[in-house]
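The values are calculated or read from the model by the stated rules, or taken from the named source; none is laboratory data. Note that the coordinates shown come from a computational prediction; the quantities given were computed from them, not determined experimentally. Cβ placement follows ideal geometry from the backbone for every residue including glycine, while neighbour counts extend to all protein chains displayed. The protein model used for the area step is the full one, side chains on, heavy atoms only, and it has no ligands, DNA or RNA in it. Shrake-Rupley method; radii C 1.70, N 1.55, O 1.52, S 1.80 Å.
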Amino acid sequence: MRKVQVIGDIGAQLNLSVSFHIADVGQLMSFTQALLTQEDFVWDITGENLHHHTGNYLTVQTTATNPSQVGVQLSSIGFNNFVEETLLGPAASSSGFTLAPQFIAPFNLPLMGRLIQQDSAPGLATGVHRLHPWQINCCHRHGEFRWSKRSTAAFQIPFAFPINIVALEQNITATSQGQSFAELVIPKGPSQTDVNTCVIHLTFSDVPFAVFSDKFAVFEQFLMQTTISSLETFELSGAANTDASTAIGTLSLTGINFDVSTTIAGLQGLNTKPAVVSNLDVNHGFSNFPLIKVTTTLTNPRSAC
């Protein structure tokens, strides 16, 4: 059977065609009989050379020199890798190599291994944070940011293992026509992540959309544009702090900056349909004016949002 790989927390779909060596013909006949006559059955598959590792792949780019007059030829070499006192995990060369006598020029020696589970906060903070740059690009999905109690954001990561954002806090600044006019400070709370698509779903409550005291004119202009237009584009920027669940433990990732454009649906002047006037009632007459009560129906084009 050819080599296959299964990714943690995601899995894999395997479709393989292989030839089996029949060790017991009688057992095979019994199995075939059960396959043809029984509605369902349970069978166990065992194998050799199955390798399971908890954690994520670790690649270490190292160099070696040999100032000695004695050459060295090794079929493989392995190390335990540390950051300060934190053991990150084992790594070894994938093939043999030779260091010639007095080989002074650096010899590239890549090592492949895995990160082991980190159960302590110092291990996660010291070892893993210093190992990874954690450059995560985060953005609010186009057209899905709403001034409500929920937010949806997409993110991209520079490494190839799954990451589950389980908690998130954000400080979001809204900008229109080049002027920042309000902020939304969302405290840290639980979040749900679609690991396959890298999309975070966050709910929150009692968080005001706070307009800056000297930017009410900008905010009023923004409201006017959303009132008369069908779509209004503005910018969201800020920073996010997260708790990320990974195969090596829960990591605190801080200072994830974002700066993106998004749109919201406008009211289109509330004239997508004609106003309907009904229930006209001359309710009362006074000496200098009549009191008339009337019911008017206006259509909000965003009612489905």
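Taken over the range 83-106, the criterion of being surrounded by 11 or more Cβ atoms within 10 Å (Cβ to Cβ), in a strand (DSSP E or B) and either in contact with a helix residue (DSSP H, G or I) (Cβ under 6 Å, 6 or more places away or on another chain) or touching a residue at least 24 places away in the same chain (Cβ under 8 Å) (or both) is satisfied by Val83, Thr86, Leu87, Leu88, Gly89, Pro90, Ala91, Phe97, Thr98, Leu99, Phe103. Looking only at the range 266-283, residues that are open to solvent by less than 90 Å² (accessible area, probe 1.4 Å) and over 30 Å from Leu231 (Cα atoms) come to 3 in all. Of everything listed in (1) out of contact with any Leu (no Cβ under 7 Å at 6 or more places or on another chain); (2) surrounded by 14 or more Cβ atoms within 10 Å (Cβ to Cβ); (3) at pLDDT 90 or above, the single unmet condition for Asp243 is (3). Of the residues in the range 200-211, at least one is in a loop (DSSP other than H, G, I, E, B), of a type in the set (A, V, I, L, M) and open to solvent by less than 40 Å² (accessible area, probe 1.4 Å). Among the residues of the range 164-199, just one is touching a Lys or Arg at 6+ places or on another chain (Cβ under 6 Å) and open to solvent by 20 Å² or more (accessible area, probe 1.4 Å), namely Glu169.
If you check Thr227 against the conditions, is it open to solvent by less than 90 Å² (accessible area, probe 1.4 Å) and free of Cβ contacts under 8 Å to residues at least 40 places away in the same chain?
Details: open to solvent by less than 90 Å² (accessible area, probe 1.4 Å): yes; free of Cβ contacts under 8 Å to residues at least 40 places away in the same chain: no.
When the stated conditions are applied, Thr227 does not pass them.
Do you know which residues across the range 212-224 are in contact (Cβ under 8 Å) with a residue 24 or more places away in the chain, open to solvent by less than 70 Å² (accessible area, probe 1.4 Å) and either charged (D, E, K, R) or within 23 Å of Arg302 (Cα to Cα) (or both)? Of everything in the range 212-224, those that are in contact (Cβ under 8 Å) with a residue 24 or more places away in the chain, open to solvent by less than 70 Å² (accessible area, probe 1.4 Å) and either charged (D, E, K, R) or within 23 Å of Arg302 (Cα to Cα) (or both) turn out to be Lys215, Val218, Phe219, Phe222.
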